Amino acid sequence: MNRRDFLVSSAAGALVVGCAFGPTGGPVWQHHRRTGEFKPSAWIRILPDSTIVIVIDRVEMGQGTTTSSAMMVCEELEVDPKVVKVEAASSSRAYDNPDPQLGIQITGGSTSTASSWKPLREAGAVAREMLRRGAADVWKVPLAQCVAREGAVHHGASGRSLRYGELVDAAARQDVPKVTLKKPGEWKVIGKSIDRLDAAPKVDGSGVYGIDMKLPGMRQAVVVRPPVRGAAIATLDVAAAKARRGVVDVFAIPEGIAVVAEGYWEARTAAELVKVTWHDGAGGAIDTAKLIASAEKLLDGKGDKAHAHGDAYAAVKRGTRVEARYRLPHLAHAPMEPMNATAQIRNGRCDVWAPTQAPGIAQFRVAEALGMDLQDVAIHTTMLGGGFGRRLYQDFCVEAARIAARVGPVKVTWSREDDQANDWYRPMAMSSCVGSVEGGQIVGWLHRLTCESVLAATGGDFVGPRLPNGAPRALRRMFADSPPRMFARDTILDPTSIEGTDPPYAIPNFRVEYLPLDTGVRVGSWRSVGNSHTGFVVESFFDELCVAAKLDPYEARRKLLAKAPRHLGVLELAAHKAGWGAPLPPGVGRGIAMVASFKSFCAQVIEASVEGNRVKVHRVVAAVDCGRVVNPGLVAAQVESSIIYGLSACLKQQITFAKGRVQETNFNSFRSLRMFETPVIETHIVPSTESPTGIGEPGLPPVAPALCNAIFAATGKRIRTLPIEQALGGPA
Amino acid sequence: MVKLDVNGRPEEVAAEEDMPLLWVLRDKLGLTGTKYGCGIAQCGACTVHVDGQARRSCVLPVGDVHGKKVLTIEGLAQKPEGGTVSSPVRLHAVQQAWLDENVPQCGYCQAGQIMSTVALLAANPAPTDDDIDAALSANLCRCGTYPRIRRAVHRAAAALKGEAP
């Protein structure tokens with residue numbers, strides 16, 4: 001068989017082995033030899049039947065990465081995204097998030113599109129070029145005459161075409177080439193609002209979320225958790241629980257008492273039969289009212305300088321002085337799907353199936369808990385029923401692995417109550433702001449902030465997995481232990497605590513101070529992280545200074561943004577689309593806020609009115625600039641999502657502790673926005689040629705200040721403590 | 001033994017009578033499209049139809065469903081009339097509207113949202129926005145898909161009446 005015959009016969013679908021010629025020493029060829037597939041990179045597999053599989057490495061938790069990631073690959077691969085198969089990535093270092101601050105396999109920080117923008121398009125281009133070169137070899141024609149289009153390579157002069165699947169062998173023989181990406185004018189997919197690729201299994205019940213996992217011989221477990229985090233078992237009697245029909249085993253684990261049964265209901269009802277008393281320990285002293293009182297006191301003293309220019313202390317003594325204190329509560333993430341994980345340990349390997357945002361951290365934490373090496377733990381990401389930052393923390397994977405080590409394959413499902421009481425909460429944040437206005441201008445701004453450090457609580461998760469897979473366990477642990485120490489001792493100022501405190505407005509005398517707060521409450525990243533509280537304080541206080549200076553809050557912002565064109569762009573677009581300045585019905589007020597976060601920009605104008613302690617939000621007009629937009633429909637969906645998530649939080653939500661016990665234990669006391677309360681939302685996108693930036697979170701920070709500014713405009717009442725409904729005298 | 005009809009199939013389930021229908025569906029019958037969200041009828045993720053009425057299966061003892069007809073998200077799509085086993089299913093107009101409006105984000109609540117909507121449209125083929133508020137405010141969505149759900153309900157209503165959306 002000569003080379004040409006071989007290529008043609010293999011292109012026709014025959015799997016030929018043993019014919020090693022051409023540049024075929026590399027992994028692409030080896031993979032082809034083993035599987036018959038063409039796999040030019042970790043993200044693309046092309047099967048001989050022309051099935052194209054795109055591996056999605058940033059997890060899909062609703063934010064649309066399945067669709068946007070596939071679009072970036074398909075643009076360069078010259079394939080219609082509608083015809084590809086998408087698949088969630090398992091754990092592999094190939095899928096480490098290239099964002100320089102992350103560097104592990106993780107989805108968060110609104111990084112997915114931004115950090116994939118170059119690698120995914122390059123992956124598509126590399127595959128396309130190898131397919132074209134393969135076709136040129138098969139046809140023995142110049143490469144320049146081979147055109148890739150709609151999943152096939154075409155040779156115009158001879159009218160021949162080969163589908164990608166027919167080229168797997170010829171393509172797998174090629175060297176991995178350097179590629180040039182298409183110019184924006186050549187894009188066919190990027191920039192279009194194509195339909196979501198992940199929707200079908202979400203409307204017919206066929207999608208498999210973590211909670212739906214099933215393994216052969218799998219048991220189901222629940223965990224009886226201490227009422228106070230960190231409490232120790234004082235007395236334990238599991239006899240009655242063990243005697244319940246369907247129960248397999250009941251035993252103590254570090255997280256509580258595992259109850260393992262044939263099904264969830266048997267386990268849950270048996271859990272009620274566990275007789276346990278607890279030593280609350282230090283956590284039993286945590287009380288929200290006390291935390292607030294001590295944080296209030298903290299704000300009376302000076303803090304560490306976070307930002308400063310000019311002389312704010314002198315400036316706030318001039319002109320008209322404005323003082324305000326703001327307070328934001330702890331918040332739970334409350335994704336719709338409660339935490340859960342399924343684990344199995346076999347032949348020295350641990351497999352975990354879980355709805356996780358961070359397979360890289362899960363792998364690290366599970367390996368650590370079981371005393372295994374990283375490479376012996378595999379994390380399989382299922383569909384995720386929401387994330388919002390909660391699934392960055394892998395306690396649910398670790399305990400499932402522990403229980404599996406004792407009872408075999410097992411799924412552990414948390415109750416809603418478990419989820420509410422064992423979250424990594426958005427920090428409680430309090431601010432003291434002093435400002436001054438003189439001659440119609442803001443001349444001084446002094447902001448003191450205190451909140452718990454997210455990185456002190458969670459930083460180790462992000463550092464431990466960064467070491468290469470073979471690194472010694474002790475070294476990895478040392479690495480993981482260092483950030484909590486540094487941030488807890490305030491050796492390093494946690495950037496997530498102060499992000500957003502330095503607004504772009506040109507204020508001549510400006511100072512921000514941070515005071516570390518240690519409450520014993522376990523905190524974590526909550527959608528938009530520090531910006532979720534700093535945005536409220538900064539944009540509310542700016543509004544207060546405008547009122548004192550008798551300035552229009554929109555025009556005042558505009559004037560101070562002359563050197564910040566992208567901030568100005570969203571501000572002007574939102575104000576224009578909302579009809580800033582146009583008359584409103586009686587009782588309705590209009591508020592504006594603008595926050596830049598995750599390298600994107602978002603301004604919102606909200607129209608609202610108040611009746612008693614009920615707030616009616618009539619309309620939210622948002623303008624965003626997130627650089628180039630891969631899919632405008634997905635951007636709009638994320639802005640809507642952030643606004644509704646943010647409205648739920650600022651209107652209704654808080655987590656409070658009494659004797660260390662979380663008081664808001666389910667959706668009846670931790671309330672969220674519902675259909676009847678949902679305003680009209682309009683999203684406008686500023687056209688941009690900058691590289692893409694985040695959009696899963698930047699829509700959130702402006703919501704609370706824009707709404708409170710609107711409430712002030714409507715009623716003259718300034719809300720400085722969230723949630724709003726409680727501040728207005730409504731239900732706690 | 002509890003006897004019930006699930007998605008047109010007679011089932012006999014060995015379950016304690018006070019076991020909620022939700023866990024019978026999920027763990028005994030393998031129908032995991034119906035979701036657990038809160039366990040106290042606050043979120044609607046577990047919504048199914050019992051004899052045509054939208055019910056919260058997380059608080060509904062299976063003993064109370066004895067002899068009744070249960071419809072879950074898995075039973076909503078239909079085989080076309082005269083179709084064979086291998087014929088592709090035709091999505092219910094509500095499911096199709098959900099796709100056309102790109103409603104789902106994480107998707108976890110959507111089975112419940114869809115089942116509530118199907119029940120709404122059966123009782124009220126042309127719901128106003130107020131009617132939609134009344135029927136769907138008991139279904140929680142943490143991703144905030146409400147504006148798209150509202151559009152999809154109107155679209156489905158139009159489709160069921162035979163109008164172009």
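At-a-glance table
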read-out	value
Filtered residues of the stretch B:118-132 (kept if of a type in the set (A, V, I, L, M) and either surrounded by 23 or more Cβ atoms within 10 Å (Cβ to Cβ) or assigned to a helix (DSSP H, G or I) (or both))	B:118, B:119, B:120, B:121, B:122, B:123, B:132
Tally, over the stretch B:145-160, of residues that are open to solvent by 10 Å² or more (accessible area, probe 1.4 Å) and either of a type in the set (S, T, N, Q) or closer than 14 Å to residue B:105 by Cα (or both)	2
Identity of the residue in the stretch A:157-167, open to solvent by less than 70 Å² (accessible area, probe 1.4 Å) and over 36 Å from the mean Cα position of the chain (by Cα), that ends up farthest from residue A:81 (Cα to Cα)	A:158
Any chance residue B:70 is of a type in the set (Val, Ile, Thr), open to solvent by less than 10 Å² (accessible area, probe 1.4 Å) and more than 14 Å from chain A (Cβ to nearest Cβ)	no
Cross-chain or 6+ apart pairs with Cβ under 6 Å, the stretch B:91-114 first and over 18 Å from residue B:143 (Cβ atoms) and more than 7 Å from chain A (Cβ to nearest Cβ), then in a helix (DSSP H, G or I) and open to solvent by 10 Å² or more (accessible area, probe 1.4 Å)	B:93/B:159; B:93/B:160; B:94/B:118
Flag if residue A:609 is farther than 28 Å from residue A:499 by Cβ and crowded, with 19+ Cβ neighbours inside 10 Å	yes
Tally of residues being at pLDDT 95 or above and among the acidic types (Asp, Glu) across the stretch A:610-660	2
Residues of the stretch A:618-634 classified as open to solvent by 10 Å² or more (accessible area, probe 1.4 Å) and within 12 Å of chain B (Cβ to nearest Cβ), total	4
Enumeration of residues in the stretch B:39-66 that are open to solvent by less than 10 Å² (accessible area, probe 1.4 Å) and in contact with a Phe, Trp or Tyr (Cβ under 6 Å, 6 or more places away or on another chain)	B:43
Residue list for the stretch A:150-184, restricted to those being part of a loop (DSSP other than H, G, I, E, B) and among the hydrophobic types (A, V, I, L, M, F, W, C)	A:157, A:176, A:179, A:181
When residues of the stretch A:266-278 are limited to those that are open to solvent by 30 Å² or more (accessible area, probe 1.4 Å) and not in a strand (DSSP E or B), the one farthest from the other protein chains (Cβ to nearest Cβ)	A:273
Scan of the stretch A:663-709 for residues that are among the β-branched types (Val, Ile, Thr) and in a loop (DSSP other than H, G, I, E, B), ordered by number	A:665, A:678, A:686, A:689, A:693, A:695
Residue satisfying condition, being within 24 Å of residue A:97 (Cα to Cα), outside the structural domain of residue A:300 (by TED's automatic domain parsing) and of a type in the set (D, E, K, R), within set A:489, A:485, A:466	A:466
Pair list, Cβ under 6 Å, 6 or more apart: the stretch A:345-372 residue in the same structural domain as residue A:384 (by TED's automatic domain parsing) and touching a residue at least 12 places away in the same chain (Cβ under 8 Å), other residue part of a loop (DSSP other than H, G, I, E, B) and among the hydroxyl-bearing types (Ser, Thr, Tyr)	A:353/A:382; A:355/A:382; A:357/A:107; A:359/A:91; A:362/A:356; A:363/A:91
Any hit, the stretch A:482-493, residues being assigned to a loop (DSSP other than H, G, I, E, B), of a type outside the set (Lys, Arg) and open to solvent by less than 20 Å² (accessible area, probe 1.4 Å)	no
Subset of the stretch B:13-49 [touching a residue at least 24 places away in the same chain (Cβ under 8 Å) and β-branched (Val, Ile, Thr)]	B:13, B:24, B:34, B:47, B:48
Which listed residue, of A:690, A:664, A:697, is at pLDDT 95 or above and open to solvent by 40 Å² or more (accessible area, probe 1.4 Å)	A:690
Any pair with Cβ under 6 angstrom, 6 or more apart, that starts in the stretch A:527-555 at a residue that is within 28 Å of residue A:388 (Cα to Cα) and ends at one that is part of a helix (DSSP H, G or I) and open to solvent by 20 Å² or more (accessible area, probe 1.4 Å)	A:529/A:496; A:530/A:496
Filter result for residue A:579 (open to solvent by 10 Å² or more (accessible area, probe 1.4 Å), at pLDDT 95 or above and more than 23 Å from residue A:313 (Cα to Cα))	yes
Residues satisfying the stated conditions in the stretch B:133-144, i.e. more than 7 Å from every other protein chain (Cβ to nearest Cβ) and open to solvent by less than 20 Å² (accessible area, probe 1.4 Å)	B:139, B:141
Residue check for residue B:48: more than 13 Å from chain A (Cβ to nearest Cβ) and closer than 22 Å to residue B:36 by Cβ	no
Qualifying residue in the stretch B:100-117 (condition: farther than 20 Å from residue A:196 by Cβ and buried (at least 20 other Cβ atoms within 10 Å of the Cβ))	yes
Hits in the stretch A:168-185 (condition: under 18 Å from residue A:149 (Cβ atoms) and open to solvent by 60 Å² or more (accessible area, probe 1.4 Å))	A:180, A:183, A:185
Residue match in the stretch A:536-550 (condition: more than 24 Å from residue A:508 (Cβ to Cβ) and open to solvent by 10 Å² or more (accessible area, probe 1.4 Å))	no
Condition met for residue A:627 (assigned to a loop (DSSP other than H, G, I, E, B) and of a type in the set (Gly, Ala, Ser))	yes
Residue list for the stretch A:92-108, restricted to those being open to solvent by 30 Å² or more (accessible area, probe 1.4 Å) and small (Gly, Ala, Ser)	A:92, A:94
Flag for residue A:714 being open to solvent by less than 40 Å² (accessible area, probe 1.4 Å), in contact with a strand residue (DSSP E or B) (Cβ under 9 Å, 6 or more places away or on another chain) and within 12 Å of another protein chain (Cβ to nearest Cβ)	no
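For every residue, the table says whether it meets (1) touching a strand residue (DSSP E or B) at 6+ places or on another chain (Cβ under 6 Å); (2) more than 21 Å from residue A:213 (Cα to Cα); (3) surrounded by fewer than 20 Cβ atoms within 10 Å (Cβ to Cβ); (4) within 14 Å of chain B (Cβ to nearest Cβ).
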| residue | (1), (2), (3), (4) |
| --- | --- |
| A:280 | no, yes, yes, no |
| A:290 | no, yes, yes, no |
| A:301 | no, yes, yes, no |
| A:318 | yes, yes, yes, no |
| A:326 | yes, yes, no, no |
| A:350 | yes, no, no, no |
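The values are calculated or read from the model by the stated rules, or taken from the named source; none is laboratory data. This one's a predicted model, so the numbers in the text were calculated from it and none came from an experiment. Because the Cβ atoms are built from the backbone with ideal geometry, glycine has one as well, and the counts that use them run over all protein chains shown. Heavy atoms of the whole protein, side chains included, go into the accessibility calculation; ligands, DNA and RNA do not. Shrake-Rupley method; radii C 1.70, N 1.55, O 1.52, S 1.80 Å.
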